[in-house]
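**Student:** Dropping the structure in here first, questions after.
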């Protein structure tokens, strides 16, 4: 965020220079009129025609400076917001998965939308106003000091009370704003859950419960907002009162200085004009503290994301090396893992197994035994806490993460599709994929005939998360995507678990086609689907409890046999 501000600093510098130029022109014009006034009061002849051209020039220059100041300020704000949004989005995409486990979706969305909007207000309104006020005060002060330093002493002596009052009010506003942002996170989270879980919500008649939760959060937000408004309104009233007092004091003192002959009548008039330009900016500088502290809450929340370390890039292996068939595709030795948010409970505890290249290997076991976690560690989404992990004979730490992940294609029962066209969803499996490659992948996935039967064909929009397609259709599109990626290792998380019989046959045929000649690792929910696996590992308690093929495991009459008997 700071880098974005510095990178566009030249625009900010132009903004300050044009602000300085504008105020210098105004002061010059004011001084010009003050001297003319003194000439008239002294009885000397004044040629008004000689004032017209210089004043018109000053007006023209002032108008130009004001325009350029506005343009440079607007461009600075827009450029900073653009850079922050881009860099923040890029940074979030590189954060480790553990960050998304710890932070709720609502919190992240609120920061990306609401907090960045507040940040935009800081750069588009608060910062420019603060800088303009400082420039005005600096240029006007130097002019008044040259006229009579005592005037400035009286002026600034009137403001300590305003500073103290503004400081106290701004601290209260900052505390309220922090609570308000927390409630906004909760509101976004509830709204997101209500939309994503709308089917469950309506099926179980949870409308009343969801409404009560949302209303509770909104009531808290309103309460905090009302408190913030009351304090802001009080600050506005106090600001007006405290601004009026110095005006009266300074006018009286200026009149006193004139009567004493220390300044001329023209200078007194010039001071009264300049005073109106000084008092508001001084108050603006003081009460900008309120706005800065309010938006500071959002800036800190955004900065918190920036402070999160990005996911590492991994080691020096950046392409899949050529290996002999004797080297296992995947090998684990005593791997330990626990989630940071899991209260220290180990998910994998000294797990060891080997996956032969070109063969099918399956993992079976009860729910919560760590089968899905195995897939996450295979792809480097999380880091193991102990043991060794070898990918094609090389320690995983030596692999660049992008290269390691290019070794895997995953087909899951929980398919995610982007709200784009079918073509775009398939094509994301391979960079710069041609139309011919997309069509070929869809044919292999048994989905081509269905796609061309649609009015828009491959340009059909699938909707959010592919809602316009059936489960089987979404599954086959994900298989086409995996076909296109053409990775040496295929990860299957029981892709036929939640589809009808007809779709299951088409999906199974497509899976067998994509699995040919590849290393296949399967998470089994239905044991009947892994009978042909060369090696089956039974996971229990975060360890490999049993290992062997289907027949061998049945003969052991252990966990696998019991699971198979239950169907």
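Every number in this text was worked out from the coordinates using simple rules, so none of it is lab data. Since the model is a prediction, treat every value here as computed from it, not as a measurement. We place every Cβ from the backbone using ideal geometry, glycine too, and count neighbours over all the protein chains shown.
**Student:** Would you please report the Å³ per residue occupied by the convex hull of the alpha carbon atoms in region 328-376? Present the calculation step by step, with values, prior to reporting the outcome.
**Tutor:** Numbers: hull volume 3.9 nm³, N = 49.
Dividing the Cα hull volume of region 328-376 by its residues yields 79 Å³.
**Student:** Sticking with this structure for a sec: For the pair residue 459/residue 145, report the inter-label distance in nm, with labels modelled 7 Å from Cα in the Cβ direction.
**Tutor:** If labels sit at residue 459 and residue 145, their model points lie 6.8 nm apart.
**Student:** Next up: For region 333-477, take the convex hull of the Cα atoms, compute a quarter of its surface area, and give me that in nm², please. Show your work: numbers first, answer last.
**Tutor:** Values: hull surface 43.1 nm².
It is 10.8 nm².
**Student:** Can I ask one more? When the convex hull of the C-alpha atoms of region 425-476 is computed, what volume per residue in Å³ does it have? Spell out each step's value before the answer.
**Tutor:** Details: hull volume 4.2 nm³, N = 52.
Given the Cα convex hull of region 425-476, per-residue volume reads 82 Å³.
**Student:** For an R0 of 60 angstrom, estimate the FRET efficiency from the Cβ-Cβ distance between residue 28 and residue 505 and round to the nearest 0.05.
**Tutor:** It comes out at approximately 0.10.
**Student:** How much length, in nm to one decimal, is gained on full extension between residue 449 and residue 308, taken as 0.36 nm per residue of separation minus their Cα-Cα distance? Show your work: numbers first, answer last.
**Tutor:** Values: separation 141, 0.36 × 141 = 50.76 nm, distance 4.64 nm.
This chain segment gains 46.1 nm when fully extended.
**Student:** Further, regarding this structure: Where does region 438-561 land on Rg(C-alpha)/(2.2 N^0.38 Å)?
**Tutor:** Values: Rg = 17.0 Å, N = 124, 2.2 N^0.38 = 13.7 Å.
Relative to the rule-of-thumb radius for its length, region 438-561 sits at 1.23.
**Student:** Shifting gears a bit: Let me understand region 71-146 better: what is its radius of gyration from the alpha carbons, and its Dmax, in angstrom?
**Tutor:** Cα radius of gyration and Dmax of region 71-146 are 18.4, 63 Å respectively.
**Student:** I'd like to compare 124-137, 474-487: which one has the highest average count of other Cβ atoms within 10 Å, and what's the full order after that?
**Tutor:** Details: 124-137: 19.4, 474-487: 24.4.
Highest-to-lowest ranking by the protection proxy: 474-487, 124-137.
**Student:** While we're looking at this one, here's another question. Work out how much length residue 58 to residue 467 would gain on full extension: take 0.36 nm times their residue separation and subtract the Cα-Cα distance, in nm to one decimal.
**Tutor:** Working: separation 409, 0.36 × 409 = 147.24 nm, distance 6.40 nm.
Contour length minus the Cα-Cα distance gives 140.8 nm.
**Student:** Could you order peptides 406-412, 524-530 by the average number of other Cβ atoms within 10 Å of their residues, highest first?
**Tutor:** 406-412, 524-530
**Student:** Please work out whether region 48-95 counts as rounded, prolate or oblate from its C-alpha gyration tensor, where a ≥ b ≥ c are the square roots of the eigenvalues and a/c under 1.5 means rounded, while otherwise a/b larger than b/c means prolate and anything else oblate?
**Tutor:** Cα axes put region 48-95 in the prolate bin.
**Student:** Please compute the length gained on full extension between residue 74 and residue 545, using 0.36 nm multiplied by the number of residues separating them and subtracting their Cα-Cα distance.
**Tutor:** Residue separation times 0.36 nm, minus the Cα-Cα distance, leaves 163.1 nm.
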